[in-house]
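Reviewing the structure listed below.
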Amino acid sequence: MRLPNEYEVLPVRRGRHDALACASVVGGIVAVVAAYLLGVVSRRGRGLDERVLRAMERWGAAVERPVHALIAYGAPLVVVIGLVVLATGALRRGDRATALRVVALVVVPELITQLLKLALPRPGGGVNTLPSGHVTAIAAFVVVLVASARRPARAAALGAVAVGASALAVMIVSWHRPSDIVAAGGVVAACFGAAHLVGRRLRPTSDAGA
């Protein structure tokens with residue numbers, strides 16, 4: 001698997017790339033802001049968020065231990081190994097730019113997520129868990145895989161299952177609330193849209209009409 005040679009990170013035809021990238025950036029930012037305002041700042045929203053979390057804890061109580069091991073150790077290991085494989089493959093082809101993009105497209109969203117956790121206060125003095133770092137990393141890696149897959153539709157379907165499972169897992173083990181998961185998706189969407197727009201700016205003008 002490999003990313004396209006150009007600065008294309010969304011698996012769609014070029015004619016719609018810019019519009020989709022802009023929508024991805026705006027939609028991602030809106031998702032993060034809405035998740036924070038409705039799930040953290042709003043007292044009623046916090047209550048609903050908490051009730052959903054407790055319901056998920058009860059629902060998954062019987063499998064909490066194996067789920068914890070999977071999301072705490074298995075998922076990060078898969079992401080790291082996957083990044084190493086993709087980046088190494090690009091380096092073997094002499095494509096350093098693609099290797100760098102593969103790593104950056106997962107690391108940058110994760111860094112933004114961790115900065116948001118530190119910057120956004122939680123009413124009542126509690127620890128802010130928004131966005132979910134685990135879901136951010138897994139979702140970003142899935143998008144990279146979809147962009148590099150020979151059969152993106154099949155990869156997207158499998159990736160959606162993986163992201164959904166990770167979202168359920170972080171709630172079952174009481175790490176994250178639904179708003180944290182929504183915000184993680186927003187961060188990934190905004191970052192990938194921004195990456196495409198920046199890439200279009202950086203691409204040599206001779207490629208513009210290609």
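Nothing in this text is a laboratory measurement; each read-out follows from the coordinates by a stated rule. Since we're looking at a predicted model, the values are computed, not measured. For neighbour counting, all protein chains shown are included, and Cβ atoms are generated from backbone atoms with ideal geometry for every residue, glycine included.
Quick notes on this structure:
- Local electrostatic count, Gly185, Cβ distance below 15 Å [Lys/Arg +1, Asp/Glu -1]: -1
- Shown is the FRET efficiency for Val198 and Leu48, computed with R0 = 30 Å from the Cβ-Cβ distance and rounded to the nearest 0.05: 0.25.
- Estimated from helical segments only, the mean residue ellipticity of the chain at 222 nm is -24000 deg cm²/dmol, where each DSSP H run of four or more residues counts as -39500 (n - 2.57).
- Tilt relative to the chain, helix 133-148 - C-alpha long axis, 0 to 90 degrees, to 10: 30
- Subtracting the Cα-Cα distance of Ala23 and Val80 from their residue separation scaled by 0.36 nm leaves 17.6 nm.
- Acute angle (nearest 10 degrees) that the helix 75-92 long axis makes with the longest principal axis of the chain, alpha-carbon atoms: 10
- Residue among Val182, Val26, Val135 with the largest mean-square fluctuation in a Gaussian network model of the chain, springs linking Cα atoms under 10 Å: Val26
- Electrostatic dipole magnitude of the chain [Cβ: Lys, Arg +1; Asp, Glu -1; Cα centre; debye, to 20]: 240
- Rounded to the nearest 10 degrees, the angle from helix 152-172 to the longest Cα principal axis of the chain is 20 degrees.
- Förster radius 41 Å - calculated FRET efficiency between Arg122 and Leu100 (Cβ-Cβ, nearest 0.05): 0.70
- Kirkwood hydrodynamic radius of the range 16-200, Cα pairs, Å: 17.1
- Most fluctuating residue given options Gly126, Gly185, Gly193, as computed from a GNM of the chain linking Cα atoms under 10 Å: Gly126
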